[in-house]
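Contents: one structure, followed by commentary.
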Amino acid sequence: MNGTTFLSLARPHFDALFRFARRLTRSHADAEDLAQTALLKAFEYRETLRDEGRIKPWLLRTARNLHLNRIRDERPHLVLLDGSRPGEGTAAEPQGNLEEELHERALPDELALALASLPEDQSSALWLREVEGLSYEEIAEVQQCPIGTVRSRLARARGALLEHLQSAPSIPRVRGGAA
Amino acid sequence: MIGCPDFETLSLAADDLASEAVAAHIAECAACASRVEAIRRLGDGLRALPAARHQAPPELGRRLEGRIDLGRPRTRRRMAWMIPAAAAAVLALVALPLGRKAVPEALADEAVSQHLRAFAAGRSCQHESGDAEEVARFLSGKLAREVAVPPPARGRLVGARGCSLFGERTGAVIYQDGAVSVTMFLPAPGSRAARASENMQGHCAPARDGQTICVLPGEDGEPRVMVGELPAPQLASLLASR
């Protein structure tokens, strides 16, 4: 597979890759760096992609692995992995357009905060399912876990979010709680 | 009829992955239906978040194009430009991983400068013609050496002019791809630009002012230095292959 072919296969997934990288790094600049590094790594190992139709989860998995490798080498100040509440550890840094950042944080703040409070594996699974439209099998490939684990992560994430939002008076629309 | 399933099963049902028995129960149970609906509305809420609409910055693709070898497929026809006596050496070269060498900055800067300056001054063409052979004859006469001018694979050939790269006489062929003008420089054999292009053929890189530069092999073995405000794959594929 040459560079031109690789680019044509990967390009439709640039947005999803960047959004996922932004979720992982919580920084626009770091997300750009992670996304580019992931693409370069993926190109380097392109011959390991056995099914071109699965390039999306393959790219996302590459980004996730790179991110995990990086944070393992750093001091443990990135707290999302252990599921601690926002306000602890490193806050998301405002990057790029500050007005846009502030607008993002204004609404719907509760849902974004609730998502950020989840452990990384749960919030990522939910993001990949709901926003990026990955199947359970594809999420399992990205997170390198059994499908059963994806199933339970999604359920736990959804249950935690519903519970969080139910207790937040500003978001009354959501009904039904976790079991 | 089964009883109310656990939350994980309801989560599956929200993704339309539950069994028929569970689906039948949910259709009859208001409480379970309400929970499934809440899970689905959660998904709607997530998709409505601003972060869900973020797009990758355009520089992401551009930077990537500049750093990977586009590596057009090797074909017997493409190798026809090789001088037979040097074929083995060239084959050995292309068999090596070319890696991510950057196009020399001096060459990129000089080529972009000449490209932009000509259009800014309104002097991009001394000879206007869409006939590749006619343009080749004009340039051959101007440069006192034979040059080949390929027709474009898309867009149109506009014309040509004599110019210079690093102070040495060079031919410039102008193409237009949609609204974008592209210059193809034809540096003379042994010139500084030709030497700077050695071992760079098949490589593209982002250059200043939003331009891209590609160094492509010509049929006569001499490099073609392309400059234009196009993504690298588009710039590299502008010329028709014979």
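Remarks
- Taken residue by residue and averaged, Cβ atoms of other chains lying within 10 Å of the Cβ of A:2-15 number 5.
- R0 of 51 Å, Cβ-Cβ distance A:LEU113-B:LEU116: FRET efficiency to nearest 0.05: 0.60
- Efficiency of FRET from Cβ geometry, A:ASN69 and A:ASP15, R₀ 30 Å, rounded to 0.05: 0.80
- The label point for A:SER135 and the one for B:ARG62, both projected 7 Å from the Cα toward the Cβ, are 3.8 nm apart.
- As a proxy for reagent exposure, A:PHE14, B:PHE138, B:PHE166 were ordered by neighbouring Cβ count within 10 angstrom, fewest first; the result is B:PHE166, A:PHE14, B:PHE138.
- Between B:ARG156 and B:GLU105, the contour length at 0.36 nm per residue exceeds the Cα-Cα span by 15.5 nm.
- Relative packing of peptides A:119-126, A:17-24, B:29-36 - highest average C-beta neighbours within 10 Å first: A:17-24, A:119-126, B:29-36
- Were the residues from B:GLU20 through B:SER164 laid out at 0.36 nm apart, the gain over their Cα-Cα distance would be 44.3 nm.
- Shielding of A:38-47 by partner chains, average beta-carbon count, 10 Å: 2
- A simple count of charges around B:SER129, restricted to other residues whose Cβ falls under 15 Å of its Cβ and scoring Lys, Arg +1 and Asp, Glu -1, yields 0.
- Rel. contact order, % - alpha carbon contacts under 8 angstrom, at least six apart, the stretch B:145-242: 26 percent
- In this rough spin-label picture, where each label sits 7 Å from Cα along the Cβ direction, the B:GLU37-B:ARG137 distance is 8.0 nm.
- Here the residues A:GLU110, A:GLU44, A:GLU132, ranked from fewest to most Cβ neighbours within 10 Å of their Cβ, fall in the order A:GLU44, A:GLU110, A:GLU132.
- P(r) histogram, all alpha-carbon pairs of the stretch B:173-242 included - 10 Å bins from 0, percent: 21, 57, 22, 1
- Shielding score for B:3-11, defined as the mean number of other chain Cβ atoms within 10 Å: 5
- Inter-label distance for B:GLU28 and A:ASN2, nm, one decimal - labels placed 7 Å from Cα along Cα-to-Cβ: 6.3 nm
- Exposure proxy shown here: for B:LYS142, A:LYS56, the number of other Cβ atoms within 10 Å sets the order, fewest to most, as B:LYS142, A:LYS56.
- Measuring how big the stretch A:12-75 is from its alpha-carbon positions, Rg and Dmax come out at 11.4, 37 Å.
- Amide proton proximity set for B:HIS203, modelled H, under 5 Å, gap of 5+: B:VAL215
- Cα lying deepest toward the dipole's positive end in the stretch B:114-242, options B:LEU238, B:VAL147, B:GLY210, charges on Cβ: B:GLY210
Read-outs: derived from the displayed coordinates by stated rules, not from any lab. Computed from a predicted model, the values in this text were never measured in an experiment. Virtual Cβ from ideal backbone geometry, glycine too; neighbours counted across all protein chains shown.
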